[in-house]
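First comes the structure, then the notes that go with it.
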Amino acid sequence: MISIYKFLFCFSTDVAKVINTLKNYSCNSGYTFHIDHIKNQKELLQINNLSDYKSIIFQEYFNELEPITIEYLEKYKKYTELNTICIFDEDKRNSYAKELYNKKLYNCFFGNDLSNYTISDFVKFLVNGRNENDALRYYNLQNVLGENIYKNLIKEINNIIIDYDNDEELMIEEIGILTKNLNDYDIKIVLTELSNDKINKLLCIPKFYCQYEKIKNNIFPPSNKKNSIFDKKSNETIKLIPVNCRNIGVVSLSNGAGSTFITMNLACALSERVKVSVIEYPLLKPYIYNYLGLNTLCINGYVDFCSLPHMINNEERITPKYYVHQTNKNIFWIIQDATLDRIENWDSKEMMRLLYLPKESSINVIDLGDKLFNSSITDILEQFSMIIVIIDPMVPNLLNSITNFEKIKELEKTSKTKILYVINKFSKGVNKKELLGFLDITPTCYIPYINSKDIYKAVYEGTIPYNYTSVKSELNGPFSSIIENIISLKMLKSHNRKKKKIRRLSK
């Protein structure tokens, strides 16, 4: 069923581009929009059917003789059920925010904030507006939030820091559990309520460090940073520690070695035990999107897909939304939309945001392809608890990648990140003794050559080969050797006990 909405733009300036964008979006998203644009107060007074509109959007200086005020907006809210929106100048933010909130005018903007919205977010806003909690967050009413919602949270964080003062790992684990559902805004509020010594204890946690940097840069411009109370000693290095989420990088030693195949199927095996996210490294050519058939699903409107890497790269406002395949409901797919322009530039800060987007999963499996030595990865290598190197035993491929292999072996010596070697496409035709003699490694496992018939069948059915019993039986053994390095023995035993219990109950 198509939803029909009318919007009224009250702008003295031209908004044709915005209106055309909204109309184009509506054609592909199950909406029909009727949008009117008036340029002055006289035209507004001539409208007799305001109640037909879903939203009315004012520009503050829509009326050149007298700007739109809070009292003016109140009038519309009082006599109509319109979603009343006004875009005020930035200089009104501090003086207007609290009054707008108190008068239940939840849907206003300041400055250029609206430019951070994606078209889909803007449409949702036009249709639904903000609720009370969203307004509290947007209007940045820290005192209200600090006194009410966050009081107990701040107290618990303080207690954890004190109780685990001599055990950083346990402190990080407890803080991670307590704050796993907090968004960026919540973290900022927490940091503003804590003392400096407590803040310093939290800086090894990525989401706290990232928001701390934003606060520091907002309060102290770069030229004034020397005297900042937030400054760390110049010779001190802050090491970020992954919290409540293990990052497993999967790397192809040579082109086509199989990092994507292993990433997807290993995630499938892991998802039988825990919730897991699959992340496609943004500088790779998008592959998984079409593999899972999202091109068709999105065109037909069956899936509302967000390309989170593109949103991060474009510095857009993010409301994390993850694709979950109907067959594997414990896997969250954080991948690129192959229909969009390729991402050309990607840095370590963007990678950090991608890794630590709020989500339910406790493990990230990241397909890095052949990009292990890109600076966006090497600069944050400590974030990866493990790198799995996928090796194609075909001799020409080995010889062509020898330089890269030597760099990986050197990395194994100098980095604390664990490195596993996996031989892929292994068959009886491979001379195992010569292969290992040449590589001088001890592989964690050997992945057998999977029948191409099963792989093609999976692609055409939009699923993962591991979901087929025949493929699963071949991959289970070698994957178990990898999974033992990822999931603790305690968790594996717990999972096996649950499986046995389920079998007993089903008999």
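Each of E168 and K409 was given a label point 7 Å from its Cα along the Cα-to-Cβ line. The distance between the two points is 3.2 nm. Mind checking the angle between helix 452-461 and the chain's longest principal axis? C-alpha axes, 0 to 90 degrees, to the nearest 10. That works out to roughly 10 degrees.
Name all residues of segment 7-31 having a backbone nitrogen under 19 Å from the label point set 7 Å from the Cα of I119 along its Cα→Cβ direction, giving them as ranges. So the set is 7-9, 15-31. Couplings 3J(HN,Hα) for segment 271-287, derived from phi with the Karplus relation 6.51 cos²θ - 1.76 cosθ + 1.60 (θ = phi - 60°), are 5, 6, 10, 9, 7, 9, 10, 9, 10, 9, 4, x, 8, 7, 5, x, 9 Hz, where x marks Gly and Pro.
The ellipsoid that matches the Cα gyration tensor of segment 246-466 has semi-axes, each √(5λ) in whole angstrom, of 29, 21, 15, with the longest given first.
Farthest towards the positive end of the charge dipole of the chain, among the residues V395, Q59, N128, is the Cα of V395, using unit charges on the Cβ of Lys, Arg, Asp and Glu. In the chain, taking the dipole from charged Cβ atoms about the Cα centre, the farthest positive-side position among F405, N424, V471 is held by V471. Taking the C-alpha atoms only, the angle from helix 168-178 to the longest principal axis of the chain is near 50 degrees.
Projecting the Cα atoms of L439, I87, Y212 onto the charge dipole of the chain (Cβ charges, centred on the Cα centre) puts L439 farthest toward the positive pole. For the pair E484 and N200, a Förster radius of 35 Å applied to the C-beta separation gives a FRET efficiency near 0.45, rounded to the nearest 0.05. Computing semi-axes √(5λ) of the Cα gyration tensor in Å for the structure here picks out one of [x] 37, 29, 20; [y] 34, 32, 25; [z] 48, 30, 22, namely [z]. Axis of helix 70-79 versus longest Cα principal axis of the chain: the two differ by about 90°, to the nearest ten degrees.
Provide the packing ranking of 55-61, 71-77, i.e. peptides ordered by the mean count of other C-beta atoms within 10 Å per residue, highest first.
Taking the mean over residues of other Cβ atoms within 10 Å, the ranking is 55-61, 71-77.
Counting only Cβ charges, +1 for Lys and Arg and -1 for Asp and Glu, the dipole size of the chain around its Cα centre is about 2040 debye. State to the nearest 20 debye the size of the charge dipole of segment 40-178 about its Cα centre, where the only charges are +1 on K and R beta carbons and -1 on D and E beta carbons. Rounded to the nearest 20 debye, it is 1000 debye.
Residues whose amide H lies under 5 Å from that of I363, counting only those 5 or more places away or on a different chain, are R246, S277; hydrogens are built 1.01 Å from N in the peptide plane. Every helix of 4 or more DSSP H residues in the chain counts as -39500 (n - 2.57), and over all residues that averages to -13000 deg cm²/dmol at 222 nm.
Rounded to the nearest 20 debye, the dipole magnitude of segment 246-466 is 640 debye, with +1 charges on Lys and Arg beta carbons, -1 on Asp and Glu beta carbons, and the Cα centre as origin. Applying 1/(1 + (r/R0)^6) with r as the Cβ-Cβ distance of L45 and D134 and R0 = 30 angstrom yields a FRET efficiency of 0.40.
Every read-out reported here was derived from the displayed coordinates using simple, explicitly stated rules and does not represent laboratory data. The shown structure was predicted, so the numbers you read here are calculated from the model rather than taken from an experiment. So basically every Cβ, Gly included, is an ideal-geometry build from the backbone, and we count neighbours across all protein chains shown.
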